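Q: If you scroll down you'll find the structure; I have some questions about it.
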Amino acid sequence: MAGNQLLTTQKIVDRALAVLTETPSFLSLINTQYDDQFGYRGGAKVGDTVSVRVPQRAKIRDGRIMDIQPQVDKVIPVKIDSYKGVDTGATSAELAMQIDDYQEQFIDTKIPDLITAVEADVINRVVPLVPATVGDYGALDDPKTILQAGAYLDSQLATKRDRNFMVNTYSQVDMVNALSGYFNSQSKVDRQYRKGAMYTDTLGFDWFSSNLTSYVSRGTAAGYLVNGANQTGSTLTVDTGTGSLNIGDTFTIAGVYDVHPQTKQVLAGLKQFTVTSAVASTTTTLQITPAIIASGTEQNVSAAPADNAAITVKGTSSTNYAQNVAFVKDAFYFVTADLPNPPKGYGVDSASRTYKGITLRFQNGYDMVNDMFISRFDIVYGAGVLRPELAVRVPATVTGL
């Protein structure tokens, strides 16, 4: 954009938000719904808990007579509890620069770091809570594993459009090498050899690599059994086994199978659950996701577990796994809240902007002692898993350089 534009806070926050939202990232591929209830004007502040609506599945009618489905909104609580920002200082001369020059010196060098910090926090918060996993928990070097991820999403009625696969940078090395002997279109082979990267629409997914992927260290648990038949909900009482369970550890329960989300037909695989709170070997209650639901429209298992049903934890004890993940947009959510802009009389020039569901605030004040304009960018947000069945993890061992 041509120069000689007045360097206002509104122009600065507009440019910064453009950089934040247009940079390809995990955040640009998940649900960033924005609603007035998240805004400062709506009353939501840092630390508040608001609600995000989960899309309702259709109830299918048999026969000619109407059976109108009541619209019962299912909501999940969202805590606006994360506050991040980046601070800058500019002299009078620097603030007199043209907007393009200011962006190059202050925005383009600062905002990507803010994106990285926010994205890393969100990824490490949400990905380990995805219950389902596929693969052998070894190196990501078998295309069949990616096809299994696609098959799982098919079984959960995930849209076939815009399926994404976030792969650890080292896992990407393993997969590109594994595919070198397979048939690929010329454009994909060209990208693999020139960029050392996967391409869009490969094995059913659009791939992107990230060095921010989360890691889960598998606990040492073994020998746990269900303590009491017919348990449902997000807690599971167990007979003490040996060893610990970590957040992100995935397990199955003997005899508890997954079901089709619409027809409730029993599927081939056991239902997978993930631990949401770390436990020691003496703990007898597990916090899990998803909740066990054995009947009704939200049924997600073939049956509630039997007493003394064996619990099998996936992976190898004490092994650290990179958490590659396949997902569609509505698997995760990221919501931001407005921050107040103080009146002009407070001596602070402040502006906010919301774009693509993300709100950013920029404030500029003056330090007369040092003849410097001090500035800050702020974002306050909450994030979590919206529809866990629309994502699947591919844990993998990786080898660095």
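Q: I need the full set of residues from region 126-176 which are within 16 Å of the chain's Cα centre (by Cα) and surrounded by fewer than 16 Cβ atoms within 10 Å (Cβ to Cβ), in order please.
A: Within region 126-176, ASP162 is the sole residue that qualifies.
Q: In region 206-220, which residues are hydrophobic (A, V, I, L, M, F, W, C) and modelled with pLDDT of 95 or more?
A: Across region 206-220, the qualifying residue is only VAL216.
Q: ALA120 is checked against (1) of a type outside the set (S, T, N, Q); (2) under 28 Å from ASP378 (Cβ atoms); (3) in contact with a strand residue (DSSP E or B) (Cβ under 7 Å, 6 or more places away or on another chain); (4) modelled with pLDDT of 90 or more and fails just one. What number does that condition carry?
A: Here ALA120 meets the rest and fails (3).
Q: Scan region 223-261 for residues that are of a type in the set (S, T, N, Q), in a strand (DSSP E or B) and closer than 15 Å to THR282 by Cβ and report the count.
A: Result for region 223-261: 2.
Q: Take THR276 and decide whether it is among the β-branched types (Val, Ile, Thr) and outside the structural domain of THR242 (by TED's automatic domain parsing).
A: Against the criterion (among the β-branched types (Val, Ile, Thr) and outside the structural domain of THR242 (by TED's automatic domain parsing)), THR276 does not qualify.
Q: Which pairs have Cβ atoms under 6 Å, sit 6 or more apart or on different chains, and link a residue in region 312-331 that is over 19 Å from TYR152 (Cα atoms) and modelled with pLDDT of 95 or more to one that is among the polar types (S, T, N, Q) and not in a loop (DSSP other than H, G, I, E, B)?
A: THR312/THR252; ASN320/SER217; ALA322/ASN168; ALA322/SER171
Residues checked against (1) part of a strand (DSSP E or B); (2) out of contact with any Lys or Arg (no Cβ under 6 Å at 6 or more places or on another chain); (3) over 14 Å from ARG393 (Cβ atoms):
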site	(1), (2), (3)
ALA303	no, yes, yes
GLY315	no, no, no
GLN323	yes, no, no
ALA326	yes, yes, no
VAL335	yes, yes, yes
PRO342	no, yes, yes
GLY345	no, yes, yes
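Q: Let me ask something else. Got at least one residue in region 181-192 being at pLDDT 85 or above and either among the small types (Gly, Ala, Ser) or under 28 Å from the mean Cα position of the chain (by Cα) (or both)?
A: No, there is no match, as no residue in region 181-192 is at pLDDT 85 or above and either among the small types (Gly, Ala, Ser) or under 28 Å from the mean Cα position of the chain (by Cα) (or both).
Q: To continue, here is another question. Can you tell me which residues in region 229-264 are of a type in the set (D, E, K, R) and crowded, with 19+ Cβ neighbours inside 10 Å?
A: The answer is ASP249, ASP258.
Q: Can you work out which of the residues in region 349-401 that are buried (at least 23 other Cβ atoms within 10 Å of the Cβ) and among the small types (Gly, Ala, Ser) is nearest to SER317 (Cα to Cα)?
A: ALA396
Q: Out of all the residues in region 12-45, which are at pLDDT 70 or above and either in contact with a His (Cβ under 6 Å, 6 or more places away or on another chain) or among the hydroxyl-bearing types (Ser, Thr, Tyr) (or both)?
A: THR21, SER25, SER28, THR32
For (1) under 18 Å from VAL130 (Cβ atoms); (2) in contact with a Leu (Cβ under 8 Å, 6 or more places away or on another chain); (3) among the acidic types (Asp, Glu), each residue gets a yes or a no:
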site: SER217; (1), (2), (3): yes, no, no
site: THR220; (1), (2), (3): no, no, no
site: GLY228; (1), (2), (3): no, no, no
site: SER234; (1), (2), (3): yes, no, no
site: THR240; (1), (2), (3): no, no, no
site: ALA254; (1), (2), (3): no, yes, no
site: LYS264; (1), (2), (3): no, no, no
site: GLY269; (1), (2), (3): yes, no, no
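Q: While we're looking at this one, here's another question. When you go through VAL226, VAL216 one by one, which is the residue that is in contact with a Lys or Arg (Cβ under 9 Å, 6 or more places away or on another chain), in contact (Cβ under 8 Å) with a residue 12 or more places away in the chain and surrounded by 21 or more Cβ atoms within 10 Å (Cβ to Cβ)?
A: VAL216
Q: Restricting attention to region 311-355, which residues are charged (D, E, K, R) and under 25 Å from the mean Cα position of the chain (by Cα)?
A: LYS314, LYS329, ASP330, ASP338, ARG353
Q: Among the candidates ALA306, ALA337, single out the residue that is among the aliphatic types (A, V, I, L, M), touching a Gly at 6+ places or on another chain (Cβ under 9 Å) and farther than 30 Å from ILE253 by Cα.
A: Criteria check complete, one pass: ALA337.
Q: Also, quick follow-up: Is there a residue in region 197-205 that is in contact with a strand residue (DSSP E or B) (Cβ under 6 Å, 6 or more places away or on another chain) and at pLDDT 90 or above?
A: Taking every residue of region 197-205 in turn, at least one turns out to be in contact with a strand residue (DSSP E or B) (Cβ under 6 Å, 6 or more places away or on another chain) and at pLDDT 90 or above.
Q: Quick check: is even one residue across region 257-267 touching a residue at least 24 places away in the same chain (Cβ under 8 Å) and within 23 Å of SER317 (Cβ to Cβ)?
A: no
Q: Taking region 123-145 as the region of interest, how many residues are out of contact with any strand residue (DSSP E or B) (no Cβ under 7 Å at 6 or more places or on another chain) and assigned to a helix (DSSP H, G or I)?
A: The total comes to 4.
The values are calculated or read from the model by the stated rules, or taken from the named source; none is laboratory data. These figures come from a predicted structure and were not determined experimentally. Don't worry about glycine lacking a Cβ; one is built from the backbone with ideal geometry, like all the others, and counts go over all protein chains shown.
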